[in-house]
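Asker: I have a structure here, written as structure tokens, and I will follow up with some questions on it.
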Amino acid sequence: MRLPRGIWAFIAVFQSVLLLVHLFLYETWMYSWAAPAGAVLWISVAVGLLAISFLTASLLTFRYTNAALRAFYRAAAVWLGMVSFLFFAACLSWMVIGAVRVAGIAIDPHQVVVFLSGAAAGLAIAATVNASWTRTRRISLKLPNLPASWVGRKAALVSDLHLGHVRNGRFLRRIVAMVMREKPHIVFVAGDLYDGTAIDAERAAEPLREMKAPFGAYFVAGNHEQFGDDTKYLHAVSAAGVRVLSNERAEADGLQIIGVPYRHATHDEHFRSVLADIGVDRGRASILLTHAPDRPRIAEEAGISLQLSGHTHLGQFYPWSWMARRIYRQFVYGLSRIGGMQVYTSSGAGTWGPPLRLGSNPEIVIIEFA
């Protein structure tokens, strides 16, 4: 597989970290449990295979797609999420064992590890269930200079479905049905509809044909569509009847709809130039659809009224949720404001990597204009 040298370096570091984490878990479990001599070898082999399972599955998914590989990838992705919980359980186990020994209290290390590991596994299972339970979030917004005809109308925002080896067209069909029950006047899809792995893009996008709204449905590409050439994804979305916006402005009954794909919104000066070329009318209400809430200051400078984004997933679960908050701060999730512009960042409807969510919920967003 031909990948840039920098990607291979990242893969090497990522896999090394996973091996160290699994070694730490192995040492924790083996310290607390006198395993039969004959089982040690098999346990070591199993831990080693689990340590390389996610990266192996991920590399395969970029080239192949079949039922067996999808099942392998799902299992490896769930395990990767569970490892995060088990790692913290192992750390806590050593802290508890050390603390009680310093205090002179007799305790069975095996019971400590079993209890905390069991609790961690339970949380991971709950997080897996939570990730499949998509909520509908409703917000009300007032926009300056909003045409009177838009007061009382509804918009639907969907992002980050990540169709691929975990979720596919059947998941999209369910999301489209949820959106259509709300009878929105306009629909926005804020990128990462696809996961970027091998997929029949047109077949997966078929349910979008049912996503009809009086003032249309609009899509802007996210980073996962733009890992490489995004042509097949954009063609599939367009063929399904959703308008793809690429550094352009559309009109919807007096409301300006601007779309800037991910790769054109990652650098200040280029993003600023793109918005200047589009030519936002500052005297009228406008909505910017761009995948990531990376540079809201630039959009606000351009006179945008409302920016709609996704991308952050609200971190999905700890510690990634903490990292996401550190990176995106007030724009990590929900409704916020910068100067004269409002920003709504969705936590997304799907997941990337581990299909787990704890402390963040998958959502579609219904916006009512007041």
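Asker: Within region 261-273, can you find the residues that are in a helix (DSSP H, G or I) and in contact with a helix residue (DSSP H, G or I) (Cβ under 8 Å, 6 or more places away or on another chain)?
Answerer: HIS264, ASP268, HIS270, PHE271, ARG272 - these are the residues of region 261-273 that are in a helix (DSSP H, G or I) and in contact with a helix residue (DSSP H, G or I) (Cβ under 8 Å, 6 or more places away or on another chain).
Asker: Select from region 176-206 the residues that are more than 22 Å from GLY259 (Cα to Cα) and of a type outside the set (Asp, Glu) and list them in ascending order.
Answerer: ALA177, MET178, MET180, ARG181, LYS183, THR197, ALA198, ILE199, ARG203, ALA204
Asker: How many residues, within region 205-232, are of a type in the set (D, E, K, R) and crowded, with 18+ Cβ neighbours inside 10 Å?
Answerer: Counting residues in region 205-232 that are of a type in the set (D, E, K, R) and crowded, with 18+ Cβ neighbours inside 10 Å gives 2.
Asker: Let me ask something else about it. So if I check each of ILE258, ILE304, which one is part of a strand (DSSP E or B), among the β-branched types (Val, Ile, Thr) and either within 22 Å of GLY228 (Cα to Cα) or at pLDDT 95 or above (or both)?
Answerer: The match here is ILE258.
Asker: Say whether the condition of being among the aliphatic types (A, V, I, L, M), farther than 30 Å from ASN145 by Cα, in the same structural domain as LEU141 (by TED's automatic domain parsing) and outside any loop (DSSP other than H, G, I, E, B) is met by at least one residue in region 339-349.
Answerer: No, that holds for no residue.
Asker: Quick one: which of ALA71, ALA37 is free of Cβ contacts under 8 Å to residues at least 60 places away in the same chain, out of contact with any Lys or Arg (no Cβ under 7 Å at 6 or more places or on another chain) and over 25 Å from TRP320 (Cα atoms)?
Answerer: Testing whether each residue is free of Cβ contacts under 8 Å to residues at least 60 places away in the same chain, out of contact with any Lys or Arg (no Cβ under 7 Å at 6 or more places or on another chain) and over 25 Å from TRP320 (Cα atoms) leaves just ALA37.
Asker: Are there any pairs, at least 6 apart or on different chains, whose C-beta atoms fall under 8 Å, with the first in region 316-341 and over 20 Å from LEU356 (Cβ atoms) and the second of a type in the set (Gly, Ala, Ser) and buried (at least 20 other Cβ atoms within 10 Å of the Cβ), and if so, which?
Answerer: Qualifying pairs under 8 Å: PHE331/SER309; GLY340/SER305; MET341/ALA299; MET341/SER305.
Asker: Has region 336-347 got any residue that is farther than 18 Å from LEU143 by Cα and modelled with pLDDT of 95 or more?
Answerer: Scanning region 336-347, I find at least one residue that is farther than 18 Å from LEU143 by Cα and modelled with pLDDT of 95 or more, so the answer is yes.
Asker: Suppose the filter is free of Cβ contacts under 8 Å to residues at least 12 places away in the same chain, of a type in the set (D, E, K, R) and either in a helix (DSSP H, G or I) or within 30 Å of ASN168 (Cα to Cα) (or both); does ARG101 pass it?
Answerer: Against the criterion (free of Cβ contacts under 8 Å to residues at least 12 places away in the same chain, of a type in the set (D, E, K, R) and either in a helix (DSSP H, G or I) or within 30 Å of ASN168 (Cα to Cα) (or both)), ARG101 qualifies.
Asker: While we're on this one: Tell me yes or no: at least one residue of region 156-164 is of a type in the set (D, E, K, R), surrounded by 21 or more Cβ atoms within 10 Å (Cβ to Cβ) and in the same structural domain as ILE186 (by TED's automatic domain parsing).
Answerer: yes
Asker: Mind checking which pairs have a first residue in region 121-146 that is more than 17 Å from SER360 (Cβ to Cβ) and a second that is crowded, with 18+ Cβ neighbours inside 10 Å and polar (S, T, N, Q), Cβ under 7 Å, 6 or more apart or different chains?
Answerer: LEU141/GLN342; LEU143/SER305; PRO144/SER305
Asker: Out of LEU41, LEU25, LEU20, LEU49, which single residue is surrounded by 14 or more Cβ atoms within 10 Å (Cβ to Cβ), modelled with pLDDT of 80 or more and either over 28 Å from the mean Cα position of the chain (by Cα) or of a type outside the set (Asp, Glu) (or both)?
Answerer: Of the residues listed, the single one that is surrounded by 14 or more Cβ atoms within 10 Å (Cβ to Cβ), modelled with pLDDT of 80 or more and either over 28 Å from the mean Cα position of the chain (by Cα) or of a type outside the set (Asp, Glu) (or both) is LEU25.
Asker: Can you name the residue in region 297-314 that is of a type outside the set (A, V, I, L, M, F, W, C) and crowded, with 23+ Cβ neighbours inside 10 Å and, of all such residues, is nearest to LEU358 (Cα to Cα)?
Answerer: So the residue we want is HIS313.
Asker: Within the set of pairs 6 or more residues apart or between chains, which connect a residue that is in contact (Cβ under 8 Å) with a residue 40 or more places away in the chain inside region 282-301 to a residue that is among the acidic types (Asp, Glu) with Cβ atoms less than 7 Å apart?
Answerer: HIS291/ASP192
Asker: Then there is this: Could you please give the count of residues in region 315-330 that are hydrophobic (A, V, I, L, M, F, W, C), more than 15 Å from ALA124 (Cα to Cα) and buried (at least 20 other Cβ atoms within 10 Å of the Cβ)?
Answerer: 1
The values are calculated or read from the model by the stated rules, or taken from the named source; none is laboratory data. What you see is a predicted model; the values in this text were computed from it and never measured. Neighbour counts run over all protein chains shown; Cβ positions are idealised from the backbone, glycine included.
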